[in-house]
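Reviewing the structure listed below.
The values are calculated or read from the model by the stated rules, or taken from the named source; none is laboratory data. On a predicted model such as this, the values are computed, not experimentally measured, just so you know. Note that each Cβ is placed from the backbone with ideal geometry, even for glycine, and that neighbours are counted across all protein chains shown. Please note that ligands, DNA and RNA were not included when accessible areas were found on the heavy atoms of the full protein model with its side chains. Shrake-Rupley method; radii C 1.70, N 1.55, O 1.52, S 1.80 Å.
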Amino acid sequence: MKKRTSFPTRYLIVLLTFVCTCVCYIERVGFSIAYTVAADAAGVDQSTKGIILSTFYYGYACSQVPGGWAAQRIGGRRVLLLSFILWSLTCALVSLDPNRITILVLARLLVGVAQGFIFPSIHTVLAQWVPPHERSRSVSLTTSGMYLGAAAGMLVLPSLVKFQGPQAVFFAEAALGGFWSILWLKYSSDPPRSEHPKATASGFGETLLPLRSAQKMKVEDGGSSTLVTKIPWKKIMLSLPVWAIVVNNFTFHYALYVLMNWLPTYFELGLKLSLQDMGSSKMLPYLNMFIFSNIGGVVADHLITSKIMSVTKTRKFLNTLGFVVASLALMALPRFRTSDGAVFCSSVALGFLALGRAGFAVNHMDVAPRYAGIVMGISNTAGTLAGIVGVGLTGKLLEAAKSINSDLSSPESWTSVFFIPGYLCIFSSVVFLFFSTGERIFD
């Protein structure tokens, strides 16, 4: 007979997925730090460095939808474990030799593919375990691990590289991945009702989901619609609420990856500041994301459970607030000519973008709890492509600005860099306002 525990299993699942995303982003930041040091020491040119650093995202983009499909077919819990083992072993076995370009490209592709399965699997697991009135804060806590991981990586890993060398980062990441895999294997489980004939992908929270009347009748009449395993690909791809999620995911990641990759250049070339002299202040935007992501989740669940707003209105309100404020901060950023002003603007922009995740990023499980992993895979593919497009386009814009202005110290050189994501935020918030819903639209 199993011992009863006072700590609900679903909370443990959410905590483990939070640690999961934290470890994943430590790996991403860690590779950039370790490889850059090793490549600079070996005299690798900037073009080759760009190829190696971007390879991860190509693999990551390719496995998003297959990740959702695999999580749907064999279970998010199993897929999550397998993907973690795969990328951890890759980190442990691959030597960080900047001159062995082919091996590094293949390794980063493999890590990207493996990590591409993670977020669709997490959304499938959370859709099974977490009832609707807890979903906002659960997803917000889980995804906030990304920002805490990025901040922790920026703080700790440079010292590890300095004292132990770049390869030590790979070993540390592999050890973290292996440790998490053991915890997941030991403590994770499928929901108790997963074998019940009327159980669905939304687990214990199924009866709390707002259903359209036709769907509600099917459930009340004891119909077998919840047992259908065929994935409605056409309906998903033609759904306007799904496209509202996809558009907002694209914009979120466009802004995030542009700031992650080019903000240091803005400090050094745009403001003529030394990153070393800035100390820990350069971590503040990511810490702000961690804080605001969790605030958004708690506020959303309070609005829903207290019946202050419907699920639909709550998602639209927080998404709009987050993206509109972020757009204003992004467009104000090139006008700030001090480190404090730039850190403040970027912190506001990233913080309110994270707040907006309580809108679009949780919406997968509102509209399609059974297919949350698949919808997440589709939208996250768009988000990954946004990173590839945004980072590359920004480089071209700055190169063009440099040819006109001779250097990048003028605000005009950076206006288009930050205005593009600013305008995208406004456009995306309008799309979400018009086309999103908090109701379940897929049976």
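For Ala349, the stated conditions do not hold, so it cannot be described as open to solvent by less than 10 Å² (accessible area, probe 1.4 Å) and not in a helix (DSSP H, G or I).
Taking the stated definitions as given, is Gly383 surrounded by 17 or more Cβ atoms within 10 Å (Cβ to Cβ) and at pLDDT below 85? So Gly383 fails the test. Pairs are defined by a Cβ separation below 8 Å, a sequence spacing of at least 6 or placement on different chains, a first member in the stretch 83-107 that is closer than 20 Å to Gly67 by Cα, and a second member that is in a loop (DSSP other than H, G, I, E, B) and among the β-branched types (Val, Ile, Thr); the pairs so defined are Ala107/Val94. Select, from Ser306, Ser310, the only residue that is open to solvent by 10 Å² or more (accessible area, probe 1.4 Å), among the hydroxyl-bearing types (Ser, Thr, Tyr) and free of Cβ contacts under 8 Å to residues at least 12 places away in the same chain. Going through Ser306, Ser310 in turn, the sole match is Ser306.
This table checks each residue for (1) surrounded by 18 or more Cβ atoms within 10 Å (Cβ to Cβ); (2) out of contact with any Ser or Thr (no Cβ under 7 Å at 6 or more places or on another chain); (3) not in a helix (DSSP H, G or I); (4) not basic (Lys, Arg).
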| position | (1), (2), (3), (4) |
| --- | --- |
| Leu106 | no, yes, no, yes |
| Pro120 | yes, yes, no, yes |
| Thr124 | yes, yes, no, yes |
| His133 | no, no, no, yes |
| Ala150 | yes, yes, no, yes |
| Leu157 | yes, yes, no, yes |
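Each residue in the stretch 58-82 was checked for being part of a helix (DSSP H, G or I), more than 15 Å from Ala372 (Cβ to Cβ) and open to solvent by less than 50 Å² (accessible area, probe 1.4 Å), and 4 of them qualify. Comparison of Val417, Val375 shows that the only residue that is in contact with a Phe, Trp or Tyr (Cβ under 9 Å, 6 or more places away or on another chain), crowded, with 23+ Cβ neighbours inside 10 Å and over 19 Å from Ser327 (Cα atoms) is Val375.
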